[in-house]
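For reference, the structure is listed below as structure tokens.
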Amino acid sequence: MKSIWWTIPCMMLIAGCGGAAGLESSLQSQHGSLAYLYDSEKVSVKQGETLRIGSVVVDDVLPTMTSVREESGFVLPLLFVNIWKYEYQSRLGYSQLSNDYKAFFKESFIEELKRSGKFNYVDDHGDMEIDMKVKGISMTAPMRKVGNVIFAVYAVAYSQSIWAGPAEVLVTADAVLKRDGKEIFNQEFRGIGRTGVLQGRNLNISDFTTAMIEALSLSVKNLNENIVREINKI
Amino acid sequence: MEHLAHRLLFIPPLFLLLCSCSSPARYQIISEGSPEPEWESTEHRYVCLSPADAKNYPHLLALRTESDVLAYERRRTDGADPVEDVLFHLDRDDYPKASELLRRHEGVIPEYLRLLLDADLAYEEARNSVSTSHLIKQYQDAFDVQPCGISRAIIQLRIRQARYLR
């Protein structure tokens with residue numbers, strides 16, 4: 001009987017206080033590659049002028065390690081009915097990425113220019129030149145943990161659910177397009193990526209790292225497509 | 001009475017057997033005119049046939065459940081047509097056989113189907129070892145030659161399934 005009285009506070013302590021650190025280590029155990037399917041409309045017949053990339057600068061927009069921060073939470077210890085609810089916010093670190101994210105920005109942009117750009121992409125000496133600077137990545141990746149222990153003297157019922165998501169990523173970049181040294185446009189572009197909510201009793205929380213990587217991949221896709229669409233307008 | 005009780009014991013396994021036979025087949029062969037697939041399903045894999053192939057293989061399009069596949073298996077002739085052969089073995093979840101047939105008949109399988117099935121079978125056979133970026137590259141090659149408008153959704157779904165593989 002005594003052990004039950006100890007079990008309940010212990011369970012609540014584990015569920016509550018150990019939450020952020022436990023979630024963080026689960027997220028850090030998963031790795032994945034930034035990659036996406038290029039599904040924009042292919043431009044097979046290119047126009048006469050050529051386009052090259054002057055520079056792609058990517059600031060240190062991702063932290064080293066994936067982290068989880070507790071946003072809010074409460075425990076309601078009503079002795080027989082004990083409830084807790086915690087909300088967390090996670091942030092992807094580049095240690096979880098299997099490929100170099102800075103290189104991925106450049107490679108995927110080149111691929112998009114070759115695929116859907118109306119100008120011929122060349123490695124050097126183009127009629128036009130584009131410079132890109134990735135300034136920031138903002139990410140919202142919430143997680144929620146709700147649980148309860150019902151203690152009915154001779155029986156104990158325990159339940160806990162975790163929701164993770166949606167992971168949303170906003171990437172911002174400046175792009176400058178020049179022809180013979182003259183600016184054609186100089187503007188800020190945004191790319192948005194979003195993945196669905198993961199939930200359920202058998203949820204493997206490390207899958208949320210994959211969801212954040214997927215959202216980041218999709219935001220880079222969206223950014224590249226937006227820049228190429230603007231280039232195609234001239 | 002005892003005899004009846006013995007008979008009753010057979011009902012749950014029979015019921016389970018019936019349920020498993022009518023469960024949906026993992027691979028669904030579809031064409032542009034097929035009913036809207038369940039994109040949210042994590043279990044289903046879709047292969048969309050070109051209009052010409054859909055006309056040639058209407059019986060494959062009709063295989064929706066595992067019992068459909070079993071019934072079709074009883075009346076088909078093995079090895080009669082390479083495309084049918086590969087798709088049939090895919091439908092009955094025999095991936096090593098489908099893979100072997102795909103390699104054997106490489107020259108006669110339409111390119112769009114060969115590239116898609118190549119990626120699918122790599123995914124099915126090497127679940128834990130194949131890298132997501134390599135798979136996406138394979139699906140990219142397949143995507144660019146797909147004859148169906150719904151292939152974008154099919155391949156995006158497949159990539160999502162591959163990302164969350166372990």
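Structure data summary
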{"read-out": "Per-residue mean of C-beta atoms belonging to partner chains within 10 Å, peptide B:129-135", "value": "4"}
{"read-out": "Solvent-accessible area buried by A and B, counting both chains, probe 1.4 angstrom, square angstrom", "value": "1400"}
{"read-out": "Net charge dipole size for region A:19-104 [Lys, Arg +1 and Asp, Glu -1 on Cβ; Debye, nearest 20]", "value": "140"}
{"read-out": "Tail beyond 19 Å, pair distance distribution of region B:45-166 (Cα, percent)", "value": "48"}
{"read-out": "Beta bridge orientation in the protein assembly as shown: antiparallel %, DSSP, nearest 5", "value": "80"}
{"read-out": "Cβ-based net charge around A:Glu71, under 13 Å, with every Lys or Arg adding one and every Asp or Glu removing one", "value": "+3"}
{"read-out": "Using θ = phi - 60° and Karplus 6.51 cos²θ - 1.76 cosθ + 1.60, couplings along region A:169-185 (whole Hz; Gly, Pro as x)", "value": "10, 10, 10, 10, 8, 9, 10, 10, 10, 10, 10, 6, x, 8, 6, 9, 8"}
{"read-out": "Residue-normalised accessible area of chain A, expressed per residue, 1.4 Å probe, Å²", "value": "49"}
{"read-out": "Calculated from backbone phi, Karplus (6.51, -1.76, 1.60) coupling profile of region A:147-158 in Hz, x at Gly/Pro", "value": "x, 8, 10, 10, 10, 10, 6, 9, 8, 10, 10, 10"}
{"read-out": "Stretch gain in nm, segment B:Glu43-B:Glu73, where the contour uses 0.36 nm per residue and the Cα spacing is subtracted", "value": "8.6 nm"}
{"read-out": "Only Lys, Arg (+1) and Asp, Glu (-1) charged, at Cβ; the protein assembly as shown dipole about Cα centre in debye", "value": "940"}
{"read-out": "Estimated FRET transfer efficiency when R0 is 22 angstrom, pair A:Leu79-A:Ser161 (beta carbons, to 0.05)", "value": "0.50"}
{"read-out": "Per-residue HN-Hα couplings for region A:117-134 [Karplus 6.51, -1.76, 1.60; θ = phi - 60°; Hz; x = Gly/Pro]", "value": "x, 8, 9, 5, 7, 10, 6, 8, 6, x, 5, 10, 9, 10, 10, 10, 10, 7"}
{"read-out": "Per residue accessible area in Å² of region B:58-166, where ligands, DNA and RNA are left out and the probe is 1.4 Å", "value": "46"}
{"read-out": "FRET efficiency estimate (nearest 0.05) - Cβ-Cβ, B:Ser23 to A:Gln89, R0 56 angstrom", "value": "0.90"}
{"read-out": "A:Asp59 versus B:Arg103: modelled label distance in nm, points set 7 Å from Cα along the beta carbon direction", "value": "5.1"}
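The values are calculated or read from the model by the stated rules, or taken from the named source; none is laboratory data. All of these numbers come straight from a predicted model, not from anything done at the bench. Note that we place each Cβ from the backbone using ideal geometry, even for glycine, and neighbour counts take in every protein chain shown. Just so you know, the surface numbers come from the protein's heavy atoms only, side chains and all, with ligands and any DNA or RNA stripped out. Shrake-Rupley method; radii C 1.70, N 1.55, O 1.52, S 1.80 Å.
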